[in-house]
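Laboratory data are not the source of any read-out in this text; all were calculated from the coordinates shown. Predicted model only: the values in this text are computed from it and were never measured. Here the Cβ is made from the backbone with ideal geometry for all residues, glycine too, and neighbour counts use every protein chain on show.
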Amino acid sequence: MSTTFDILCPVSEEIWDLKYRLKDENGAPVDITLDDTFRRVARAVAGAEEKKRARRKWEARFHEALADFAFLPGGRILAGAGAERAVTLFNCFVMGQIADDLASIFDGVKEAALTMQQGGGIGQDFSTLRPRGARVARVGAEASGPVSFMDVWDAMCRTIMSAGMRRG
């Protein structure tokens, strides 16, 4: 079993450093080696076990699977497990349905922004919004359509940048 970068191409090391390597608040590496990352993740995942002996057993098994590249979990798990930060370990969230009214639309923007802030990616269905030009009886105007609200989501995604790493 080898977890040194001699078995990885240079771009793999760069991606690990940018996306998955644990760093402190000043940007200094906490995970010095890829194996440190694997051990951090294995320890965190095994932490679900109640008994110390079971934790040690599963930590060793998880570490072996990671170090042999027999299993690699999703990116949020590699980046966040054992980091002791308020981040999600889920990669992507399909957001709830948006009602066709302004309050619901912007509640959805807020929910998506908070999800991204914790490191989650988002997916949103805009098909519930009336098309551009449709009459909005309560305000006596025409609807701007779903594309205009997609632009709002896009601006939010550019601003939040999912824990500094990716857009929605």
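Quick notes
- When the helices of the chain are scored as -39500 (n - 2.57) per DSSP H run of n ≥ 4 and the total is divided over every residue, the value at 222 nm lands at -14500 deg cm²/dmol.
- Per-pair calculated FRET efficiency, R0 = 25 Å: E25 and D154 via Cβ, rounded to 0.05: 0.25
- Helix 102-117 axis versus longest C-alpha principal axis of the chain: approximately 10°, rounded to the nearest ten.
- Phi angles of segment 11-24 translate, via the Karplus equation with coefficients 6.51, -1.76, 1.60 and θ = phi - 60°, into HN-Hα couplings of 5, 5, 5, 5, 5, 4, 5, 6, 10, 10, 5, 6, 10, 7 Hz per residue; Gly and Pro are given as x.
- The angle separating the long axis of helix 34-46 from the principal Cα axis of greatest extent in the chain is about 70 degrees.
- The ratio of the alpha-carbon radius of gyration of the chain to the globular-protein estimate 2.2 N^0.38 Å is 1.37.
- Extension reserve of the D125-D17 stretch, reckoned as 0.36 nm per residue once the Cα distance is removed: 35.5 nm
- Listed peptides 48-58, 65-75 appear in the order 65-75, 48-58 once ranked by packing, highest mean of other Cβ atoms within 10 Å at the front.
- Under a 5 Å amide H cut-off, with hydrogens placed 1.01 Å from N, V136 pairs with A141, E142, A143 among residues at least 5 apart or on other chains.
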